[in-house]
Amino acid sequence: MNVHSVGKVSFVATTKREDILQAALQLFTDRGFDATTVPMIAESANVGAGTIYRYFENKEVLLNSLFQECAERFFQTVTHGFPASGTVRQQFHHIFVQTIHFAKGNREAFSFIDSHLNPRLLDEKSLKSFESGMNFIRDFLVQGQEQGIISPLPPNALISIFYGALVKLFETIRAEVLEETDELLAGVEECCWNAIRVH
């Protein structure tokens, strides 16, 4: 399984800002935005609450900064080394494997992106950053449809079928309800491919 490695979403403890982002990622993922308070983030990051406000105007700005960084890393991983001249099946394999690679190395970030993809929480810049990344996948699907290989369903429906399946799969693995194995992931990839291709 060829995996192109791109930087992990890891806010290494070198600056207070990165400490805050790492703490926020953990708390937002575990508790959700509404149940997480700035004092909780400050305590987890081992900084004063006032320090957080020196870097982020409020909790909403912190959330959006974190979302944009996680989404950017995710789509960098998915697009890195994309086989533009490959077959549609090879291109799907790349997208699938790179998504798996990101999810395995960044379980919290992968879960955070999905659980906080909400217009109530995200500003226009965050929503656009996610949409621009998803447009790459939509373009791949449309090109596959033009070649008669991908199902003519709307691209957003096809994304829901395979991206939604991966999100749920890793939720289940994270909850230790399912054991992650190479055989499992290979089988899921084949199921997802069969679900979106023309039969």
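The values are calculated or read from the model by the stated rules, or taken from the named source; none is laboratory data. If you're wondering where the values come from, they're calculated on a predicted model, not measured in any experiment. Virtual Cβ from ideal backbone geometry, glycine too; neighbours counted across all protein chains shown. Side chains are part of the model used for accessible areas, which takes the heavy atoms of the whole protein and leaves out ligands, DNA and RNA. Shrake-Rupley method; radii C 1.70, N 1.55, O 1.52, S 1.80 Å.
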Would you mind computing, in nm to one decimal, how far apart the modelled labels at ARG31 and PHE82 are, each placed 7 Å from Cα along Cα→Cβ? 3.8
Quick note, the chain: a/c under 1.5 would make it rounded; otherwise a/b > b/c is prolate and the rest oblate (a ≥ b ≥ c, C-alpha gyration tensor); here it is prolate
Within the stretch 55-95, report the GluC sites (Glu not before Pro) that DSSP leaves as loop and that have at most 12 other Cβ atoms within 10 Å. GLU57
Cα-based Lys pair tally, the chain, threshold under 23 Å, eight or more apart or on separate chains: 9
Whole-percent carbon and sulfur share, accessible surface of the chain, 1.4 Å: 51
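Write down the accessible area per residue of the chain in Å², having rolled a 1.4 Å probe over the full set of protein chains.
Numbers: 9960 Å² over 199 residues.
Ligands and nucleic acids excluded, the figure is 50 Å² per residue.
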Can you name the helices of the chain, as whole DSSP H runs, whose Cα span along the helix axis is 18 Å or more and whose Kyte-Doolittle mean is not below -1.0? 16-31, 59-79, 88-105, 124-146, 155-174, 182-196
Using only alpha carbon pairs under 8 Å that are at least six residues apart, calculate the relative contact order of the stretch 121-199 and give it in whole percent. 35
Taking amide hydrogens as modeled 1.01 Å from N in the peptide plane, which residues meet the under 5 Å criterion relative to ARG197, leaving out close sequence neighbours? SER151
Restricting to Cα pairs under 8 Å and 6 or more apart, the percent relative contact order of the chain works out to 22
Where does the chain land at 222 nm, in deg cm²/dmol rounded to the nearest 500, when only DSSP H runs of n ≥ 4 count, each adding -39500 (n - 2.57), divided by all residues? -22500 deg cm²/dmol
With the cut-off at 1.5 for a/c, could you classify the stretch 82-199 from its C-alpha gyration tensor as rounded, prolate or oblate? oblate
FRET efficiency, ALA165 to TYR53 (Cβ-Cβ, R0 45 Å, nearest 0.05): 0.70
When the chain is fully extended, how far beyond the present Cα-Cα distance does GLN90 get from SER115, taking 0.36 nm per residue of separation? 6.1 nm
